[in-house]
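Here is the structure we will look at, set down as structure tokens.
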Amino acid sequence: MAGRGNPSFLKNQKAQKRVAKANAKRAARMAKNAEKAAGRTGGEPSDEENGALSETLENGDATPESEATPDEGATPA
């Protein structure tokens, strides 16, 4: 009657180590791919790496998009 009951403590430990190793490999692969992508784009970090900094650089100012600038809210005369 194999397969009945919960897995043993050692099997759980082995499974946890396997998952941790897979996660470490995945993180290393993602870092390597990000490094390659940064090299292809001229060394600039991706949007995921610099987060909100990219929004301020694209807009040219430090105001968030939710705030209206004076010329956006003005009506044409």
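Things worth noting here:
- Maximal additional length on extending the LEU10-ALA34 stretch stands at 5.0 nm, based on 0.36 nm per residue less the C-alpha distance.
- Spatially proximal lysines relative to LYS11 (Cα-Cα < 19 Å; intrachain offsets below 8 disregarded): LYS21
Throughout, read-outs are computed from the coordinates displayed, never taken from laboratory work. Note that the coordinates shown come from a computational prediction; the quantities given were computed from them, not determined experimentally.
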